[in-house]
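Q: Quick one: structure below, then a few questions.
No value in this document is a laboratory result; all are computed from the given coordinates. All values reported here derive from a predicted model rather than from experimental measurement. Note that each Cβ is placed from the backbone with ideal geometry, even for glycine, and that neighbours are counted across all protein chains shown.
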Amino acid sequence: MHRALAEGEYVVTHATTTFSDGGQAAAFDLWKIADGRIVGHWGDQEPIVQQTANGHTQVDGPVAVDPGADTQATRRVVAETVRTILVENDFSDLDRYLAGEAYIQHNPRFGDGISGLAAALGELAKSGKPSRTPRCWTSSPRRTSPTPARWACSRGPTSCSTTSSAWRTDAPSSTGTSWSRADMSRASPRFFDP
């Protein structure tokens, strides 16, 4: 496990999973806990790749949580970023939300910086695949703010998009690092909630 963040009855984990055939995947999981037991699970994973568009692995980067960080400010930055960019698909003011070309991306298909994100999002838009998301869960234990289990089926189960992301803010008003899993062509997300 690379990261584990908790708030209230929810825990988010970012881990590398290994399959019986030896293959590996980067996984984000959101766990709901009640009475000391897991009562709900949302998750997504993506195969680990050796070469990425940004030169980072899908799991490297900071793992320590800054205990002095302003949790509420971090929550606001991430919630507004996710709502504006990922939910509303408004890319008109990326500099307001992201740390410019210092923005570090861990999605293997996206380059670093606003230019890398804009290029990848532009390609997704050209593909005609759905990218709008009608709902989003955000949390912010201290400085790293997961937005896990964000998923949407905009035109039925055969055109479902799923994204799991964890965002790290390095300044009070911008997002500096993102670990993402975005698959715009999966038939359905893994979703378990009894």
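Q: With the crude spin-label approximation of a point 7 Å out along Cα→Cβ, what separation in nm comes out for VAL39 versus ALA6?
A: 1.6
Q: Are there trypsin sites (Lys or Arg not before Pro) in segment 51-101 that DSSP puts in a loop and that have at most 12 other Cβ atoms within 10 Å, and which ones?
A: Hits after loop and neighbour filter: nothing returned.
Q: Separate question: By how many nm would the segment from ARG83 to ASP70 grow when fully extended, if each residue of separation counts as 0.36 nm and the alpha-carbon distance is taken off?
A: On the way: separation 13, 0.36 × 13 = 4.68 nm, distance 2.00 nm.
Full-extension gain reported as 2.7 nm.
Q: Points 7 angstrom from Cα along the Cβ direction at GLN51 and ALA102: gap in nanometres?
A: 3.1
Q: Now for a different question. How compact is segment 1-73 by the rule of thumb for globular proteins, expressed as Cα Rg over 2.2 N^0.38 Å?
A: Dividing the Cα radius of gyration by 2.2 N^0.38 Å gives 1.31.
Q: Still on this structure, please answer the following. Which length gain, in nm to one decimal place, applies between ASP93 and SER115 when the Cα-Cα distance is subtracted from 0.36 nm times their residue separation?
A: Contour length minus Cα-Cα distance gives 6.7 nm.
Q: Shifting gears a bit: What is the fewest-to-most order of PHE19, PHE91 by other Cβ atoms lying within 10 Å of their Cβ?
A: Lowest to highest Cβ neighbour count: PHE19, PHE91.
Q: How do ASP95, ASP44, ASP35, ASP66 line up, fewest other C-beta atoms within 10 Å first?
A: The order, fewest Cβ neighbours first, is ASP35, ASP95, ASP66, ASP44.
Q: Using Cβ counts within 10 Å as a stand-in for footprinting exposure, how do VAL63, VAL87 rank, fewest first?
A: Ranking VAL63, VAL87 by Cβ neighbours within 10 Å, fewest first, gives VAL63, VAL87.
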